[in-house]
1. Can you list the residues, at least 5 places off or on another chain, whose amide H is less than 5 Å from the amide H of Trp24, using H built in the peptide plane?
2. By how many nm would the segment from Glu68 to Tyr48 grow when fully extended, if each residue of separation counts as 0.36 nm and the alpha-carbon distance is taken off?
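We did not get these values from a lab; they are worked out from the coordinates using the rules stated. None of the values given here were measured: they were computed from a predicted structure.
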Amino acid sequence: MNKYTVVTDWNYGTDGYYGGAEPWVVRVEAADRSSARTEALRWLWGNYAGDVEEIQAGDEFDEDGAAEVWSTIATFRGHHEELSPV
């Protein structure tokens, strides 16, 4: 397993509520970059289901559904603390 830092954002544009806010920085461990993206989306899903209208609390993880809510901006190898939002 490798450490990755995945930077995501809302996938809704800049309408004042969703997009345009500080990026979400998620640190995960995964086998490769693709798996890191999946794990980051799984983490976001698990922690925010029920808090966003598109995902109901208790819904089973759906990678395609998560990718509709959060877009991946970048994936870096290693846990990079300097990427934390201000």
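1. Long-range HN contacts for Trp24: Thr8, Asp9.
2. Full-extension gain reported as 5.8 nm.
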